[in-house]
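Q: Handing you a structure now.
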Amino acid sequence: MEYFILPQMSLGGELTYMLGISSTGKGSVESEDWDAANTQVENTKTETGGSFGFNSANFGNRLYFMFYF
């Protein structure tokens, strides 16, 4: 929305609403740690499950003052 207060000046505003969808497939994570007590490297592999997410709470707004030349 924009409203001209003078021929080359305006006040305006915007309202935004966004939807978000995310998806992650199955996989695994490998990590390596140093065990100082045993002075050795420990490897760990962890299986991860898939996930799906939906987000609809992303609102935004903006007010502005514009000059046109």
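Here, each number is a calculation from the coordinates, and none is a lab measurement. All values reported here derive from a predicted model rather than from experimental measurement. Because the Cβ atoms are built from the backbone with ideal geometry, glycine has one as well, and the counts that use them run over all protein chains shown.
Q: Extending each Cα 7 Å along its Cβ direction at residue 11 and residue 33, get the distance between those two points in nm, one decimal.
A: Output for this residue pair reads 6.0 nm.
Q: Looking at the chain as a GNM with Cα springs under 10 Å, which of 20, 53, 12 has the largest mean-square fluctuation?
A: In the Gaussian network model the winner is 12.
Q: Among 56, 8, 23, which residue has its Cα positioned farthest towards the positive end of the charge dipole of the range 2-67, with +1 placed on the Cβ of Lys and Arg, -1 on the Cβ of Asp and Glu, and the dipole taken about the Cα centre?
A: The Cα lying farthest towards the positive end belongs to 8.
Q: List the relative contact order of the range 2-67 as a percent without decimals, with contacts defined as Cα pairs under 8 Å and 6+ residues apart.
A: With pairs under 8 Å counted, the relative contact order is 45 percent.
Q: If you don't mind, there's one more thing I want to ask. Would you order 14, 32 from fewest to most other beta-carbon atoms within 10 Å of each residue's own beta-carbon?
A: Ascending Cβ contact count within 10 Å gives the list 32, 14.
Q: So, one more: May I ask for the equivalent-ellipsoid semi-axes of the chain, computed as the square root of five times each C-alpha gyration tensor eigenvalue and listed largest first in whole Å?
A: 55, 18, 8
Q: For the chain, which trypsin sites (Lys or Arg not before Pro) pass both filters: DSSP loop (anything but H, G, I, E, B) and at most 10 other C-beta atoms within 10 Å?
A: The qualifying sites are 26.
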